[in-house]
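The values are calculated or read from the model by the stated rules, or taken from the named source; none is laboratory data. Every value quoted in this text rests on a predicted model; they were computed, and no experiment measured them. So basically every Cβ, Gly included, is an ideal-geometry build from the backbone, and we count neighbours across all protein chains shown.
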Amino acid sequence: MSEMNSPRKADKIVAVKGMNDILPPESAAWEALEVRVRDLMRRFAFENVRTPIVEPTALFVRGLGEVTDIVEKEMYSFEDRLNGEALTLRPENTAGVVRAAVEHSLLYNGPKRLYYMGPMFRHERPQRGRYRQFHQIGAEALGFGGAEVDAEVILMAHLLWRELGLSGVELQINSLGQPTERNQHRAALIQHFEAHQDVLDEEAKRRLHLNPLRLLDSKNPAMQAVIEAAPKLIDFLGEASHAHLETVKSILDAHGVPYTLNPRLVRGMDYYNLTVFEFVTTKLGSQGTVCAGGRYDYLIEQIGGKPAPAVGWAMGVERVLELLKEHGATPEVPSLDAFAVITDVGSLPQVMPVLQMLRQAGVSVQMQASVAEGMPSMKSQFKRADASGARFALVFGPDELLAGQVTIKSLRDANIPQVTHLLSGIGAWAQSLH
Ligand code: ATP
Ligand code: MG
């Protein structure tokens, strides 16, 4: 009974841990990055692809590999209550793009360059640069087998760092060779780690015979010495694999793109072969990899397509933006052109068409609309106009409107004189702005 008389304020519902709202003004930096990336992709002839956020769980289990961190412990998987399907929120999007390409025979007429942007989901411990919903921008060159395309996608990312004004992003590359070479290395790895059973943690022991390559990207400090001493894949590469790596390196050299060969670089998914690479920075603490990728020549057939080689990368948007912030290079938020100060709600039918005309002419205008109490006072409207960052106040007062006019006041520059324009002549003023 008393509950009805004194309603309690409802508990707040907050966002899921590790999943962030991206709010203004920060969202403007996201948009600015997206605009730059779209232009970059256009210049490299990559076309946009948008695939579902939810995919069949089997796609990732088969594509990424059963014994990987992502599949074993990071996926948001669930059963569709309505039909029992096993589904997963995508933890990455290479598998999804390949699925779409196969499903729609995108490679029927030859190779295809595709890019995407969007959220990915991994159940990880949230920390700086590591979230449960995060965003990737990715590029996939499907149907290309030549080493020059490996180099081309690396050059594309390299150019983006340059255009964003980011320095100190270090490129590391390695080769994972071909399956037969991997098998020989695998045997050597197992032998090596079996001889050091005592330092292996439980996970490493379990993975030793299932997927020994995964031991190499363990972050367990106690295992680092024995990982460091493990046989290197690069020593098992045949001539063709070496030649492929050399071609990539020579193209990078010819472009003056510095890199380090890191024979320990393995990547977390099983689908890679030959070239793998990461762009790493020391400026973001331990989450230093901003972009990572490589060649995956066997994934397309594994997903049921006609065999075709491919290479690509994905970058972590949060980390790139964080790095931009570290550089003090966050893009400027475009300021509002004008704020309309309107004294009487009754004049809106006369004022709104003028604002519409301005917006049509490319001018950004925020309108003072009525609030619960009606129109705020002139003084408070001017305060808001000032706080909005607008360059000009458009004053639609009773005198102005009676004369079919508007007064335009500069809010930022005292040297610009106040002017009065006929409403019908506002187009000319709009022109003068740009
Ligand atoms: P890490 O070693 O940092 O876990 P990863 O090898 O799992 O990275 P990839 O699967 O290669 O990462 O994804 C490519 C990029 O996406 C990473 O380099 C990183 O910038 C970003 N990324 C991956 N996982 C996350 C996450 N949980 N939160 C934010 N960004 C992420
Ligand atoms: Mg990871």
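Answer with yes or no whether Val257 is touching a residue at least 40 places away in the same chain (Cβ under 8 Å) and either of a type outside the set (Val, Ile, Thr) or within 15 Å of ligand 1 (Cβ to nearest atom) (or both).
Values: touching a residue at least 40 places away in the same chain (Cβ under 8 Å): yes; either of a type outside the set (Val, Ile, Thr) or within 15 Å of ligand 1 (Cβ to nearest atom) (or both): no.
Against the criterion (touching a residue at least 40 places away in the same chain (Cβ under 8 Å) and either of a type outside the set (Val, Ile, Thr) or within 15 Å of ligand 1 (Cβ to nearest atom) (or both)), Val257 does not qualify.
Do we find that Pro221 is over 26 Å from Phe46 (Cα atoms), surrounded by fewer than 20 Cβ atoms within 10 Å (Cβ to Cβ) and in contact (Cβ under 8 Å) with a residue 60 or more places away in the chain in this structure?
On the way: over 26 Å from Phe46 (Cα atoms): yes; surrounded by fewer than 20 Cβ atoms within 10 Å (Cβ to Cβ): yes; in contact (Cβ under 8 Å) with a residue 60 or more places away in the chain: no.
Criteria not met by Pro221.
Count, please, the residues in segment 306-349 that happen to be closer than 27 Å to Glu47 by Cα and within 16 Å of ligand 1 (Cβ to nearest atom).
Total meeting the criteria: 15.
Among Ser347, Ser335, which is modelled with pLDDT under 95 and surrounded by 14 or more Cβ atoms within 10 Å (Cβ to Cβ)? If you could, list the steps in order and put the result at the bottom.
Details: Ser335 fails: surrounded by 14 or more Cβ atoms within 10 Å (Cβ to Cβ).
After ruling out the rest, the residue left standing is Ser347.
Every residue, every condition in (1) at pLDDT 95 or above; (2) more than 13 Å from ligand 2 (Cβ to nearest atom); (3) closer than 10 Å to Arg319 by Cβ; (4) surrounded by fewer than 24 Cβ atoms within 10 Å (Cβ to Cβ), yes or no:
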site	(1), (2), (3), (4)
Pro263	no, yes, no, yes
Arg267	no, no, no, yes
Thr275	yes, yes, no, no
Gln287	no, no, yes, yes
Glu301	yes, yes, no, yes
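Would you call Leu215 within 30 Å of the chain's Cα centre (by Cα) and under 30 Å from Met41 (Cβ atoms)?
no
Test of understanding: among Gly312, Gly293, which residue is more than 16 Å from ligand 2 (Cβ to nearest atom), modelled with pLDDT of 95 or more, part of a strand (DSSP E or B) and not hydrophobic (A, V, I, L, M, F, W, C)?
That would be Gly312, the only listed residue that is more than 16 Å from ligand 2 (Cβ to nearest atom), modelled with pLDDT of 95 or more, part of a strand (DSSP E or B) and not hydrophobic (A, V, I, L, M, F, W, C).
Is it true that Glu124 is within 16 Å of ligand 2 (Cβ to nearest atom), assigned to a loop (DSSP other than H, G, I, E, B) and out of contact with any Pro (no Cβ under 9 Å at 6 or more places or on another chain)? Spell out how you get there, then give the answer.
On the way: within 16 Å of ligand 2 (Cβ to nearest atom): yes; assigned to a loop (DSSP other than H, G, I, E, B): yes; out of contact with any Pro (no Cβ under 9 Å at 6 or more places or on another chain): yes.
When the stated conditions are applied, Glu124 passes them.
What are the residue pairs meeting all of these: first residue in segment 115-133, first residue closer than 20 Å to Gly285 by Cα and charged (D, E, K, R), second residue more than 7 Å from ligand 1 (Cβ to nearest atom) and in a strand (DSSP E or B), Cβ atoms under 7 Å, and 6 or more apart or on different chains?
Arg132/Met19; Arg132/Phe121
If a residue has to be surrounded by fewer than 16 Cβ atoms within 10 Å (Cβ to Cβ) and touching a Lys or Arg at 6+ places or on another chain (Cβ under 9 Å) to count, how many in segment 390-417 make the cut?
Of the residues in that region, 4 qualify.
State which residue pairs qualify: first residue without any contact (Cβ under 8 Å) to a residue 24 or more places away in the chain and inside segment 48-65, second residue surrounded by 15 or more Cβ atoms within 10 Å (Cβ to Cβ) in any location, beta carbons under 9 Å apart, and separation of 6 or more residues or different chains.
Val61/Val71; Val61/Met75; Val61/Thr88
Do you know which of the residues in segment 127-174 that are aliphatic (A, V, I, L, M) and closer than 21 Å to Thr330 by Cβ is nearest to ligand 2 (Cβ to nearest atom)?
Looking only at segment 127-174, we keep the residues that are aliphatic (A, V, I, L, M), and these are 137, 139, 141-142, 147, 149, 151, 153-157, 159-160, 164, 166, 169, 171, 173.
From the residues that got through so far, the ones that are closer than 21 Å to Thr330 by Cβ too are 137, 157, 159-160, 164, 166, 169.
Details: Ile137: 17, Ala157: 19, Leu159: 26, Leu160: 22, Leu164: 23, Leu166: 22, Val169: 19 Å.
Result: Ile137.
Please note which helices (runs of 4 or more DSSP H) are completely contained in segment 370-434 and include at least 1 residues that are closer than 12 Å to Ala338 by Cα and touching a strand residue (DSSP E or B) at 6+ places or on another chain (Cβ under 8 Å). Spell out how you get there, then give the answer.
Numbers: elements: 378-387, 398-402, 426-433.
The helices (runs of 4 or more DSSP H) meeting that bar are 378-387, 426-433.
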